[in-house]
Amino acid sequence: MTQQLTCAPIHVVGGGLAGSEAAWQAAQAGVPIILHEMRPNAGTEAHTSEDLAELVCSNSFRSDDAEANAVGVLHEEMRQAGSLIMAAADRHKLPAGGALAVDRGGFAAEVTARIGAHPLIDVVRSEVTGLPDSDWDSVIIATGPLTSPSLGAAIGAHTGEDALAFFDAIAPIVHFDTIDMSVAWKQSRYDKAGPGGTGADYINCPMNKAQYERFVDALLEGETTEFKDWERSTPYFDGCLPIEVMASRGRETLRFGPMKPVGLWNPHLGGARAYAVVQLRQDNALGTLWNMVGFQTKLRHGAQTRVFRSIPGLENAEFARLGGLHRNTFLNAPKLLDGSLRLKTMPRLRFAGQITGVEGYVESAACGLLAGQFAAAERLAQTLPPLPPTTAHGALLAHITDGHLSDDTPDATGSSQRSFQPMNINFGLFPPIPTPDQTEDGRRLKGKDKGRMRKLLMAQRALADWSRWCAEGQHVLAAE
Ligand SMILES: Cc1cc2nc3c(=O)[nH]c(=O)nc-3n(C[C@H](O)[C@H](O)[C@H](O)COP(=O)(O)OP(=O)(O)OC[C@H]3O[C@@H](n4cnc5c(N)ncnc54)[C@H](O)[C@@H]3O)c2cc1C
């Protein structure tokens, strides 16, 4: 760390996943930071603590596989760049098959403590209620999907863009001691042991065909919460569809989605495969709370309790938290932001995290990592090398800046137009890579094998390009 005690501070607004990482990255480059977090003085619909980097729903950072999964590549890139969020996640990981799940309390407490102890970071607990005055000449706004209404209104008024909004839905959490383990069993899909896992990290609740059909009927008949006026015309994000919306798309949709039975064998029935399976993932270090995987919902609480207790093994389930609705606020980033996440019309303001239209904890933190580095370089009057689009960070940045077809940008045919939607990292965002038709030892590659090879090559290219970029960037930031 190069101490820049005399340079003016960067203001980071919002101490969530993105803001914490942004503050950390810029401070590690030697720039003083003032981090403004409104909790506990003001709250959001989803946060329940005053910790920085609180995980508001699932405790999963998703796949940790850096060879076959794009979010695993993003994890690895973040680790290489000295990410605080990844360091805390690795320290507080829980068994979860191939996924990186964390003990949410331990994770957030660690981020809060390390930010609080950083000599260049000053944490101020107050809400920023409007666009900051010009004496804040470098600002990172990382206020997330639940940006406070007054700041949201100020941003909307300035940009002239209506912030888009849509629903995500929270999955229910069940007390372990209320699950009937004489019906359910512990097993990861295909017994796969992920980081810190045993191969038996999920609780599986089996259904036969008749039970599944009754369950789908119950979901479809369940009473849902009303749409508010402002919510009526907002579309769902496809990666986070409520379970009852999935059910309404076809009777088999759930069996091919969150309730797929493959790779799971019921030991209570001599290893038989079930017709459908509901999976629960450990939610806290003690193992007392379990999260219903993929069961985000907007069913009313009464309907949730009734319908979810019809799942074999959950007949007597007690819920620590039921599912619910939440809003999501994000900018039309491809139109509004430049390639280093600055607002084109007011470049002293940068945006980071979910408000830019990335989706997910990891993506939000990765976006914060970039914003922190970009802002630090700017403050130190240094120029970072261009971010390779072949890296996971580069692919994400391209999605929210110039890589996506937005409302006003015709596609390649000049005819259809697509609107900007938040996106999890995925290999579809990476530039294509030539994939050989056979392996080095002469084995022909086709179908899924070729797809796996393509992902592996993209992942290897990403990590190699990222490590070069980090080395050059560190050189630049250390140059002052
Ligand atoms: C209810 C809900 C459930 C979600 N579930 C998941 C999930 O299961 N998995 C997943 O990967 N992603 C999930 N997401 C999406 C997203 O990944 C998370 O919201 C993530 O926390 C976004 O990170 P962020 O840093 O952009 O925002 P946040 O982590 O929300 O951080 C924003 C911070 O800014 C503060 N703030 C807001 N306005 C102001 C202001 N005016 N002044 C000062 N501080 C302010 C807030 O208090 C908060 O601490 C969910 C989102 C929501 C809303």
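Here are some notes:
- Within the range 101-123, the set of residues being assigned to a helix (DSSP H, G or I), within 15 Å of the ligand (Cβ to nearest atom) and either closer than 27 Å to Ala377 by Cα or of a type in the set (S, T, N, Q) (or both) comprises Val111, Thr112, Ile115, Gly116.
- Here Gly160 passes the criteria (1) surrounded by fewer than 16 Cβ atoms within 10 Å (Cβ to Cβ); (2) within 16 Å of the ligand (Cβ to nearest atom) except the one numbered (2).
- Evaluating Thr129 against the criteria (1) more than 17 Å from Ala53 (Cβ to Cβ); (2) more than 7 Å from the ligand (Cβ to nearest atom); (3) among the β-branched types (Val, Ile, Thr) leaves one unmet condition, (2).
- Residues (within 16 Å of the ligand (Cβ to nearest atom), closer than 15 Å to Pro172 by Cα and in a loop (DSSP other than H, G, I, E, B)) located in the range 316-329: Leu322, Gly323
- Looking only at the range 132-153, and only at residues there that are crowded, with 20+ Cβ neighbours inside 10 Å and away from the ligand (no atom under 11 Å from the Cβ), the one that is farthest from Glu54 (Cα to Cα): Ser138
- Leading residue by the ranking (nearest to the chain's Cα centre (by Cα)) among those in the range 353-393 that are more than 15 Å from Met78 (Cα to Cα) and among the small types (Gly, Ala, Ser): Gly357
- Residues in the range 12-43 that are out of contact with any strand residue (DSSP E or B) (no Cβ under 7 Å at 6 or more places or on another chain) and assigned to a helix (DSSP H, G or I) were compared, and the one that is farthest from the ligand (Cβ to nearest atom) is Gln28.
- Residue list for the range 362-392, restricted to those being over 21 Å from Val139 (Cα atoms) and of a type outside the set (A, V, I, L, M): Pro385, Pro386, Pro388, Pro389, Thr390, Thr391
- Looking only at residues of the range 298-315 that are part of a loop (DSSP other than H, G, I, E, B) and at pLDDT 90 or above, we find that the one that is nearest to the ligand (Cβ to nearest atom) is Arg300.
- Inclusion of Ala46 among residues that are within 16 Å of the chain's Cα centre (by Cα), at pLDDT below 95 and within 21 Å of Ala200 (Cα to Cα) is not warranted.
- Test result for Ala89, over 20 Å from Lys186 (Cβ atoms) and either at pLDDT below 95 or not charged (D, E, K, R) (or both): yes
- Count - residues of the range 333-362 that are touching a helix residue (DSSP H, G or I) at 6+ places or on another chain (Cβ under 6 Å), under 22 Å from Ile85 (Cβ atoms) and in contact (Cβ under 8 Å) with a residue 40 or more places away in the chain: 11
- Exactly one residue out of Gly357, Gly353, Gly324, Gly368 is buried (at least 24 other Cβ atoms within 10 Å of the Cβ) and modelled with pLDDT under 90, and it is Gly357.
- In the range 124-164, the qualifying residues are those that are part of a strand (DSSP E or B) and under 24 Å from the mean Cα position of the chain (by Cα), and the one that is farthest from Thr329 (Cα to Cα) is Val139.
- The condition (being touching a residue at least 24 places away in the same chain (Cβ under 8 Å) and within 30 Å of Arg348 (Cα to Cα)) is satisfied by just one residue among Val73, Val12: Val12.
- Count - residues of the range 300-311 that are closer than 16 Å to Met207 by Cα and surrounded by fewer than 17 Cβ atoms within 10 Å (Cβ to Cβ): 2
- Hits in the range 251-282 (condition: in a loop (DSSP other than H, G, I, E, B) and in contact (Cβ under 8 Å) with a residue 24 or more places away in the chain): Arg251, Gly257, Pro258, Met259, Pro261, Val262, Gly263, Leu264, Trp265, Ala274, Tyr275
- Conditions (1) surrounded by fewer than 24 Cβ atoms within 10 Å (Cβ to Cβ); (2) more than 9 Å from the ligand (Cβ to nearest atom): number failed by Leu94: (1)
- Single match in Gly451, Gly394 (criterion: touching a Pro at 6+ places or on another chain (Cβ under 8 Å) and either assigned to a helix (DSSP H, G or I) or modelled with pLDDT of 90 or more (or both)): Gly394
- For the range 52-79, taking the residues that are of a type in the set (Val, Ile, Thr) and assigned to a helix (DSSP H, G or I), the one that is farthest from the ligand (Cβ to nearest atom) is identified as Val73.
- Neighbours by Cβ (under 8 Å, 6+ apart or cross-chain): first from the range 205-226, closer than 23 Å to His301 by Cβ; second assigned to a helix (DSSP H, G or I) and of a type in the set (Ser, Thr, Tyr): Leu220/Ser248
- Per the listing Asn332, Asn284, Asn291, the residue uniquely away from the ligand (no atom under 16 Å from the Cβ) and under 24 Å from Ala365 (Cβ atoms) is Asn332.
The values are calculated or read from the model by the stated rules, or taken from the named source; none is laboratory data. Given the structure is predicted, the values throughout are model-derived calculations rather than measurements. Positions of Cβ are backbone-derived with ideal geometry, glycine not excepted, and every protein chain shown enters the neighbour counts.
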